[in-house]
Amino acid sequence: MPKCLLYVFSGTGNTYLAASFLKDELEKLHYEVDIKKMEGDITSLDVNAYDVVGIGFPIYGFNPPQVVPKFVKKIETPKEKKKLFFFRTSGEPFMWNDVAARRLAKRLRKRNFELILDKHFLMPYNIMFRYKDALAKQLYLYLKSLCKLLAMQIQNEENEGTNYAWYKRPLSFVARLVYVVPYVNKAFYVHVNKKKCNNCNLCINSCPTNAIYRNKKGKIKFNTKCTVCMRCSMFCPQDAVRFGMLSHWRVNGAYNFKKLEKDENINPNFINKNTKGYFKLFKKYFKEQNALLREHQIPLPIEFKEDEVL
Ligand SMILES: Cc1cc2nc3c(=O)[nH]c(=O)nc-3n(C[C@H](O)[C@H](O)[C@H](O)COP(=O)(O)O)c2cc1C
Ligand code: SF4
Ligand code: SF4
C-alpha cells in the first residue's frame, strides 16, 4: 500500500479541510495517509517511510506563512528520491499566488524531492472581508471535487509542471512585507478588548505558534512569534481580539461549510459565465478547474444552467 504524508499549516481551517478531503480521497485509492500539522515542537521529520509527500499552506501576501519554511527545513533529506506536491489555499485567484511555493520547491528539489504538482485551491478569505454564503458554498463544493482530482493525479503520477514565470516574482517579493506585521503589531497595536473578552483562554490555547500569553498582571499579550494566521481573531467567541494594523480586515466567526452545504436555499452558482464586477476575476480559475475535472471524468460539483457554465 503506497504511503503519503500531508504536512500542513492551516491558520483558520481552510487548508486543513483540503488535507482532510485529500486524505479521504487517497484512502479510497488505497493509500495510507498521515496528516502532520506544522505546529508544536517538531525538531526533525523523517519521510523515508513515505512514497509521496504533500505540503499544504495558506497564502499570505503571495507567500507561505513565515512559519512554513521553518517547518519545511525540519524535513530530513530522504535516502531515495521522493515525489513532492504542494497544495495552497488562498482567497483570490491573482496570478502572483502561483509563485508562493517557488522558494520551497527550489530548496526541496536540492534535497532529493521531485516536484510533480503545485495546486492552488480558492477558499474563502479569512481576512479582508467575509465571503458571501453562496461563494463560500461554491468554493467548498469545488474543494471536495478538486481533492478527488488531486488524489487521482497523485496516483497517476501526473506532472503538471509549475507556473513560476519571472514576472510574477517581484510583487511576491515585495509582499513579503507581511512578515513585519507581528513586529509592528507587537510594538503598537495588537490587543484584546477587555470589555468584550470573557477570559476563556481559547486564543492562548489555540495559537499555533504560542504567541499569546498572560503577563504577571494577567493581561493578555502577544509576542513576535505570531505568524499572522488570524486564528485568534477569527475564532474569538467575543470578537475581542483587535489585530493591530489588520484589525479592520478581520473576519470573525468560522465559515459553517457543513450548514451551507445542506442549505438548499443557497445557490452555489455564485461565479458563472455571467458574473460581473470584481468577481469576474474568478472566472478563469473556475474555467480551468472545470476543464481539468472534465478531462478526468469527474462530474462538476455544481449544476450550472447551460448558458452559465464556464
Ligand atoms: C496575513 C494574511 C495574508 C493573506 N494574503 C493573501 C494573499 O496574498 N492572497 C490571497 O489570495 N489570500 C490571502 N489571504 C487569505 C488566505 O490565504 C485564505 O483565506 C486561506 O484559505 C486561509 O487558509 P487557512 O484557513 O488554512 O489558514 C491572506 C490571509 C492572511 C491571514
Ligand atoms: S478567545 Fe477572545 S474571549 Fe477568549 S480569552 Fe481570547 S480574547 Fe478573550
Ligand atoms: S497570535 Fe493569533 S494570528 Fe498570531 S499566530 Fe497566534 S493565533 Fe495566529
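Read-outs throughout are calculated quantities, based only on the coordinates presented, and are distinct from any laboratory measurement. Remember, predicted model here, so these are calculated numbers, not experimental data. Note that we place each Cβ from the backbone using ideal geometry, even for glycine, and neighbour counts take in every protein chain shown.
For region 178-249, I need the span (max minus min coordinate) of the C-alpha atoms along each principal axis, in Å, sorted largest to smallest.
Projected onto the principal axes, the Cα atoms of region 178-249 cover 30, 27, 21 Å.
Say we join alpha carbon atoms closer than 10 Å with springs in a Gaussian network model of the chain; which of 156, 267, 63 then has the biggest fluctuation?
It is 156.
Given a cut-off of 18 Å, name the pairs among 258/284; 194/217; 82/106; 3/83 whose C-alpha atoms lie farther apart than that in the structure shown. Spell out each step's value before the answer.
On the way: 258/284 26 Å; 194/217 13 Å; 82/106 14 Å; 3/83 11 Å.
Listed pairs above 18 Å: 258/284.
Viscosity 1.306 mPa s, temperature 10 °C: what is the translational diffusion coefficient of region 3-172 from Stokes-Einstein with a Kirkwood Rh over Cα pairs, rounded to a whole number of µm²/s?
The calculation lands on 98 µm²/s.
Round to the nearest 0.05 the FRET efficiency obtained for residue 46 and residue 300 when R0 = 35 Å and r is the Cβ-Cβ distance.
Using R0 = 35 Å, I get an efficiency of 0.30.
Loop only by DSSP, 12 or fewer other Cβ within 10 Å of the Cβ. Give me the trypsin sites (Lys or Arg not before Pro) in region 279-310 that pass, ordered by residue number.
Answer in residue order: 305.
How much space per residue, in cubic angstrom, does the convex hull of the C-alpha atoms of the chain take up?
For the chain, the hull spanned by Cα atoms encloses 146 Å³ per residue.
With n ≥ 4 as the cut-off for DSSP H runs, can you work out [θ] at 222 nm for the chain, using -39500 (n - 2.57) per run divided by the number of residues, rounded to the nearest 500?
The helix contribution divided over the chain gives -8500 deg cm²/dmol.
What percentages make up the Cα-Cα pair-distance distribution of region 126-169 when the bins are 10 Å wide from 0?
Spelled out bin by bin, region 126-169 gives 21, 27, 38, 14 percent.
For the pairs 70/119; 119/259; 148/259; 137/186; 36/79, note any where the Cα-Cα span goes beyond 29 Å.
137/186
Amide H of residue 87 versus every other amide H placed in the peptide plane: which residues, excluding those fewer than 5 positions away on the same chain, fall under 5 Å?
55, 56, 57, 119
Sort 178, 33 so the one with the fewest other Cβ atoms within 10 Å of its own Cβ comes first.
178, 33
Taking one equal scatterer on every alpha-carbon of region 65-119, how large is log10 of I(q)/I(0) by Debye at q = 0.15, 0.18, 0.24, 0.27 1/Å?
Here log10 of I(q) over I(0) equals -0.45, -0.63, -1.03, -1.21.
Whole-Hz Karplus ³J(HN,Hα) for region 8-22, in order, using 6.51 cos²θ - 1.76 cosθ + 1.60 and θ = phi - 60°, x for Gly and Pro?
10, 10, 8, x, 10, x, 4, 6, 5, 4, 4, 4, 5, 4, 5
What are the ³J(HN,Hα) couplings of region 94-103, residue after residue, when phi is run through the Karplus curve with 6.51, -1.76, 1.60 and θ = phi - 60°? Round to Hz, x for glycine and proline.
Those phi angles translate into 4, 4, 5, 5, 4, 9, 4, 9, 4, 5 Hz.
Taking H as built 1.01 Å from N, whose amide H comes closer than 5 Å to the amide H of residue 35, not counting residues under 5 places away?
When sequence neighbours closer than 5 places are left aside, the close amide H contacts are 6.
For region 293-310, what does the Karplus curve 6.51 cos²θ - 1.76 cosθ + 1.60, with θ = phi - 60°, yield as ³J(HN,Hα) per residue in whole Hz, taken in order and with x for Gly and Pro?
Karplus values, whole Hz, x for Gly and Pro: 5, 4, 4, 9, 6, 9, x, 4, x, 10, 8, 9, 6, 4, 8, 10, 5, 8.
On full extension of the chain, what length is gained from residue 219 through residue 173, given 0.36 nm per residue of separation minus the C-alpha to C-alpha distance?
In short, 12.9 nm is gained.
Scan around residue 75 for amide H atoms under 5 Å from its own, H built in the peptide plane at 1.01 Å from N, and keep only partners 5 or more places away or cross-chain.
Result for residue 75 returns 45.
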